[in-house]
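**Q** Attaching a single structure in structure tokens format; questions to follow.
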Amino acid sequence: MANMEPHVREAVDERSEKNSGFDPNIVDIVGLIPTQQSTSGILSTSSPTTDSVSHSASGMTSYDNNAASTGEPINADQSEAHESQAETMEDDSSSIRKLEKKLRTSWEYINKARKLAAGTQRELTDKLCAHCNSNDMSIIILGSLARNEYTDGSDIDWFLLIDSQVDYRHQKCFSDIQKIINKVAKMSVGREGIFDVMVFSTSLVHNIGNELDTNNNLARRMALLIEAHVVGNKEAYERVLDNLLSRYLYEDHSLWNSFEDHVPKFLLRDFTRFWNTMHVSTQYKDWSRQGEGSVIRFIKLLMSRKLLYVSSCLVCFSFHTNFTVDQRKQLFNGRNNENLKKVIEHMKSMFQKPPLEIVADVLVRHSHLKEMAKTIIGSYDNFLKLLMNNRDELKGLAVNEANDNLTYKEACDFMENFHKGLMCLIYDESSGLKNLTENYINNVGLWNN
């Protein structure tokens, strides 16, 4: 504590009080866009939270205190009530729902994936609640299930986040959770070892950018920010998230200068690094697996992985798109603890939403983006349709046969439309995104092949 910056010491005190690797000849039309001791370090809380947490497609969160605190499974009546409540909140708050009403359309496969994700999330909560009561650990669900894009045949990416001193009993707890998730999952996770592991907060927070910040560490950190869904006790997750955002935001001195754009460049650069790493990782998987699954992996790169990056950019740009000039001046009027907390709370509220909702938020706020919304969200609906109906076909499709495959040709069409829609969005002048894109993204060529 003695060596902490003043703003950090105040925060701790206050919280304690409050308790492409792909053949370019196959696709040449699609551009790439381009208790309680916290070992994570800075911020900690001491009030136990044993809520059972689930996110709707709008990013809303619902809780069941009794089920989690007693360790008893949620019964069918409770689950049905939760589902009804979540759907009501989603109808009121989901930007995708608002776009459907505004455009007088319905995205069938987005809604199907959302419902399947909600059911699977409830199933995990029912089966894991007895294993989720420690304030030192949070079960983090990631990937399509966390993004509410779950389809039959999807795996369940997850890790056990630990924010405490090492304890030999962690392994037993992890093994128990792993067995339960493996029974629910449709297929096993990727063989690279990024997920289905124990992850300690120290590595996520303190290794940003150093020689120990491996690709796996980067992937876990970025996924924790942009697509995490917490099952059970979320206190460890909240502590680590606060610490991560404190690292990214407080240490970014230019963010707080009133004469510069208030864009968290430190964070944005790490998201950019993650996007580039996903490209290189795709190439490695194609090479190491001798082309097995290359076609569907490439489609995912240009759809769900691209969506992750675009939504993360929109979060970083949100101080411009969501605040007036006067509000920004007030918010960034001095790099102090009070302003830091406000900035962190805004970022957390953005990250609570699934990536597709983040994009839909921008689209629904600007009436001139109506046609763009049809293109972007409609293309993503076609992507989920493909995963639901043609996953096995594409997984077994050889690279040299892709150009003659009708399903793949359809995928090329919606990938191209998705890219064009996103290009129009991030270069939209009226919303202010064009200037931000040109200043912070375009200069490194991330939107080109």
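The values are calculated or read from the model by the stated rules, or taken from the named source; none is laboratory data. Small disclaimer: the values here were computed from a predicted structure and weren't measured. Note: ideal-geometry Cβ built from the backbone for every residue, glycine included; neighbour counts use all protein chains shown. Just the protein is used for accessible areas: all its heavy atoms, side chains included, with ligands, DNA and RNA removed. Shrake-Rupley method; radii C 1.70, N 1.55, O 1.52, S 1.80 Å.
**Q** For segment 229-245, name all the residues that are open to solvent by 20 Å² or more (accessible area, probe 1.4 Å) and more than 21 Å from Gln178 (Cα to Cα).
**A** Passing the criteria: only Glu238.
**Q** Does Thr151 satisfy the criteria of being assigned to a loop (DSSP other than H, G, I, E, B) and either open to solvent by 40 Å² or more (accessible area, probe 1.4 Å) or of a type in the set (S, T, N, Q) (or both)? Steps first, please.
**A** Values: assigned to a loop (DSSP other than H, G, I, E, B): yes; either open to solvent by 40 Å² or more (accessible area, probe 1.4 Å) or of a type in the set (S, T, N, Q) (or both): yes.
In short, yes.
**Q** Sticking with this one: Need the failing condition index for Asn382 against (1) of a type in the set (S, T, N, Q); (2) outside any loop (DSSP other than H, G, I, E, B); (3) modelled with pLDDT under 95; (4) surrounded by 18 or more Cβ atoms within 10 Å (Cβ to Cβ), just the number.
**A** Here Asn382 clears every test but (3).
**Q** Restricting the search to segment 291-319, which residues are open to solvent by 10 Å² or more (accessible area, probe 1.4 Å) and under 14 Å from Ala219 (Cα atoms)?
**A** Selection gives Arg305, Leu308.
**Q** Could you please find all residues in segment 369-379 being open to solvent by 20 Å² or more (accessible area, probe 1.4 Å), closer than 23 Å to Tyr150 by Cα and not charged (D, E, K, R)?
**A** Matches in segment 369-379: Thr375 only.
**Q** Are any of the residues in segment 159-173 at pLDDT 90 or above, in a helix (DSSP H, G or I) and open to solvent by 60 Å² or more (accessible area, probe 1.4 Å)?
**A** Taking every residue of segment 159-173 in turn, at least one turns out to be at pLDDT 90 or above, in a helix (DSSP H, G or I) and open to solvent by 60 Å² or more (accessible area, probe 1.4 Å).
**Q** Is one or more of the residues making up segment 340-355 under 30 Å from Ala228 (Cβ atoms), in a helix (DSSP H, G or I) and in contact with a Phe, Trp or Tyr (Cβ under 6 Å, 6 or more places away or on another chain)? Explain how you work it out, then say what you get.
**A** Residues of segment 340-355 that are under 30 Å from Ala228 (Cβ atoms), as a first pass: 340-355.
Now narrow it down to the ones that are in a helix (DSSP H, G or I): 340-351, 355.
Keeping just the survivors that are in contact with a Phe, Trp or Tyr (Cβ under 6 Å, 6 or more places away or on another chain) gives 340.
Within segment 340-355, one or more residues are under 30 Å from Ala228 (Cβ atoms), in a helix (DSSP H, G or I) and in contact with a Phe, Trp or Tyr (Cβ under 6 Å, 6 or more places away or on another chain).
**Q** When Arg335 is evaluated against the numbered criteria (1) closer than 23 Å to Ser95 by Cα; (2) not in a helix (DSSP H, G or I), which criterion, by number, is the only one it fails?
**A** (1)
**Q** Restrict the check to segment 283-290 and report whether at least one residue is within 18 Å of Cys313 (Cβ to Cβ) and either open to solvent by 10 Å² or more (accessible area, probe 1.4 Å) or assigned to a loop (DSSP other than H, G, I, E, B) (or both). Break it down into steps so the answer makes sense when it comes.
**A** Filtering segment 283-290 for residues within 18 Å of Cys313 (Cβ to Cβ) gives none.
No: segment 283-290 contains no residue that is within 18 Å of Cys313 (Cβ to Cβ) and either open to solvent by 10 Å² or more (accessible area, probe 1.4 Å) or assigned to a loop (DSSP other than H, G, I, E, B) (or both).
**Q** A follow-up question, please. Quick check: anything in segment 396-407 open to solvent by 50 Å² or more (accessible area, probe 1.4 Å), of a type in the set (Gly, Ala, Ser) and out of contact with any helix residue (DSSP H, G or I) (no Cβ under 8 Å at 6 or more places or on another chain)? Can you show your working first?
**A** Taking segment 396-407 first, the residues open to solvent by 50 Å² or more (accessible area, probe 1.4 Å) are 396, 400-401, 403-404, 406.
Right, trim to of a type in the set (Gly, Ala, Ser) and you get 396.
Right, trim to out of contact with any helix residue (DSSP H, G or I) (no Cβ under 8 Å at 6 or more places or on another chain) and you get 396.
Yes, segment 396-407 contains at least one residue that is open to solvent by 50 Å² or more (accessible area, probe 1.4 Å), of a type in the set (Gly, Ala, Ser) and out of contact with any helix residue (DSSP H, G or I) (no Cβ under 8 Å at 6 or more places or on another chain).
**Q** Okay, next question. Could you list all residues from segment 174-228 that are open to solvent by 60 Å² or more (accessible area, probe 1.4 Å), modelled with pLDDT under 95 and among the hydrophobic types (A, V, I, L, M, F, W, C)?
**A** Met187
**Q** Another question, if that's okay. For segment 127-148, how many residues meet the condition of being part of a helix (DSSP H, G or I) and within 26 Å of Pro355 (Cβ to Cβ)? Steps first, please.
**A** Here is the first cut: in segment 127-148, the ones part of a helix (DSSP H, G or I) are 127-131, 143-146.
Within this subset, residues satisfying the condition of being within 26 Å of Pro355 (Cβ to Cβ) are 128, 143-146.
The number of residues fulfilling the criteria is 5.
**Q** Moving on to the next point. Collect the residues in segment 328-368 that are open to solvent by 60 Å² or more (accessible area, probe 1.4 Å) and either charged (D, E, K, R) or closer than 26 Å to Ile96 by Cβ (or both), keeping them in residue-number order.
**A** Lys329, Arg335, Glu338, Lys342, Glu345, Gln352, Arg365, Ser367, His368
**Q** Can I ask one more? Evaluate the following for Tyr248: is it among the hydroxyl-bearing types (Ser, Thr, Tyr) and open to solvent by less than 10 Å² (accessible area, probe 1.4 Å)?
**A** Working: among the hydroxyl-bearing types (Ser, Thr, Tyr): yes; open to solvent by less than 10 Å² (accessible area, probe 1.4 Å): yes.
Judged against the criteria, Tyr248 is a match.
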